[in-house]
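The values are calculated or read from the model by the stated rules, or taken from the named source; none is laboratory data. None of these values were measured; they are calculated from a predicted model. Cβ placement follows ideal geometry from the backbone for every residue including glycine, while neighbour counts extend to all protein chains displayed.
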Amino acid sequence: MADSTRTSTTTQPRLRVTGVSKHFEAVRALHGVSFDLAPGQIHAMVGENGAGKSTLVAVITGLLQPDAGHVELDGRPVRFRNPLQARAAGIAAVFQDPNLFPHLSVAENIVTGRYPRSGPFLDRAAMSARARRTLEDLGFPLDPDRLVAGLTVAEAQFVEIARAVDQDLRVLILDEPTSALTPGEAAKLYAIADRLRAAGTTVVWISHRMEEIRELADTITVLRDGEHVRTAPSAEMGDAEMIRLMVGRSVVLEQVPRTEPLGPARLTVERLTDPGVFEDVSFSVAEGEIVGVAGLVGAGRSEIARAIFGLSPHLTGQVLIDGAAVHPRGPATMVDHGVVYLPEDRDAEGVISTMTISANIALPSIRRLSRFGFMRGRSERALATRQRAALSIKGEIEDLVSSLSGGNRQKVALARWLATEPSVLLLDEPTHGIDVGTKAQVHDIMRDLARVHRMAILMVSSDLPEVLAVSDRVLVIARGRLVADLPIAEATSEQILTHATGTAGSPR
């Protein structure tokens, strides 16, 4: 829990939001939002997807202009026309998906718009040295002359943070900053946030991860349905209260005891190997069972799921569906055998955001819904209507997927594959980036699919509380090998991490 002694006693707010409202046609994104952010604090901003967090950040940083209300920075009203103006004033935002120039170097990205010059020429040596100092101060061991295109997501995020602190920084907004980071990388970011707070910077931390909010935040602001609900010191707002304020009801993310028996093995993999990625992986998933796959980022968890779905051309070993051997030549083959895969990156791989909800849901079922090569509109609409109701997708079936919140886009991505009536469901980070209320709904959907509809579900997740809440069994992957197969009654976060980090003995 955050120590209340860290709260600043300064009376002048670093940032004051007063009566901010923003509408998009008939949609009310923000309505009269007002609260203060103190200097030298980590201020968590929480709320469900669609609560207005991203819109408020866009208003603060000049991406959007408010319909009403205003923002003050250190007591002076500000209204930025664009993020460059906000950055020049000391306000910077780092988003979940890094926004960098991929074909420029790390150094060029860090000093964008403030390039050192020697006469009329760019001083590359000075630029590289300046970027190196900034990176070293932050504890990021990156070569400033590397191209950004070759960086990992975590490294790109560190470059964005370095760019933000390479000038007089007064407010740093971090939007889901640890969603793509390993525990070690996240720990580095926590340390940076602590150092910035100690230097007097206000850090706005937007996250759905309750444990890191509890660890870091001095103050918490809750938004719901575009309105400010409460701002309070972290010590005065418990987890249950925070969730209740976010969703307007009590939500408990915990294990629901199963009473239904498991059926026979539905998915079996034997000695599955993708050279250099994972090796000699064998396990099974029974009818009606949810098997969680845990491990550190880069351990090979997602690659195993993708390989089962036919996305690995170098795969060896055997995949069996209901006891019959299947060669995963490609996704079409696996879908024909009742296996579907929901990828982690829903926007790039899970949905087509420029198409409607109806078209997205119908796409994998096009052969079943078409006649003589033409889609039957009535059948498509009927299918989309059923799936929308079954998964409680907010929006009309003719709405574009791009207009939906992250949680509802995830439901559409799931709905399009459930419409094919699969027997095996491969889920990769199924609740990545979605709020606690929608996460609980997705968990309930998963339990229903397994226990009522008797699907076999393999779920890859970096969220250990989720793994423990939903799974019947937990597989732990480390360095491309299966190192533990734990019944849920025996699994704990500590035990999973011990196996994942290789401190529980040698792999099986």
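Some points to look at:
Rundown of residues vs (1) more than 22 Å from the chain's Cα centre (by Cα); (2) assigned by TED's automatic domain parsing to the domain that holds R306, yes/no style:
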residue: A413; (1), (2): no, no
residue: R416; (1), (2): no, no
residue: R454; (1), (2): yes, yes
residue: P465; (1), (2): no, yes
residue: L468; (1), (2): no, yes
residue: S471; (1), (2): no, yes
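- Segments classed as helices (runs of 4 or more DSSP H), wholly inside segment 49-117, with at least 3 members that are under 30 Å from I393 (Cα atoms) and assigned by TED's automatic domain parsing to the domain that holds H228: 53-60
- Taken together, L296, L272, L320 contain a single residue that is surrounded by 17 or more Cβ atoms within 10 Å (Cβ to Cβ), part of a strand (DSSP E or B) and either in the same structural domain as V436 (by TED's automatic domain parsing) or among the small types (G, A, S) (or both), which is L272.
- All of (1) within 30 Å of A299 (Cβ to Cβ); (2) out of contact with any strand residue (DSSP E or B) (no Cβ under 9 Å at 6 or more places or on another chain) hold for R81 with one exception: (1).
- Residue among V20, V94 that is farther than 23 Å from A235 by Cβ, modelled with pLDDT of 95 or more and touching a strand residue (DSSP E or B) at 6+ places or on another chain (Cβ under 9 Å): V20
- Within segment 275-293, the residues that satisfy the criterion of being more than 11 Å from I477 (Cα to Cα) and either assigned to a helix (DSSP H, G or I) or in contact with a strand residue (DSSP E or B) (Cβ under 7 Å, 6 or more places away or on another chain) (or both) are D280, S282, F283, S284, V285, A286, E287, E289, I290, V291.
- Condition check for G310: outside any strand (DSSP E or B), out of contact with any helix residue (DSSP H, G or I) (no Cβ under 8 Å at 6 or more places or on another chain) and at pLDDT 90 or above: no
- Within segment 423-442, restricting attention to residues that are over 12 Å from the mean Cα position of the chain (by Cα), crowded, with 22+ Cβ neighbours inside 10 Å and modelled with pLDDT of 85 or more, the residue that is nearest to R224 (Cα to Cα) is L427.
- Only a single criterion out of (1) modelled with pLDDT under 85; (2) in contact with a strand residue (DSSP E or B) (Cβ under 8 Å, 6 or more places away or on another chain) is not satisfied by T356, namely (1).
- Single match in V159, V203 (criterion: under 21 Å from P13 (Cα atoms) and crowded, with 21+ Cβ neighbours inside 10 Å): V203
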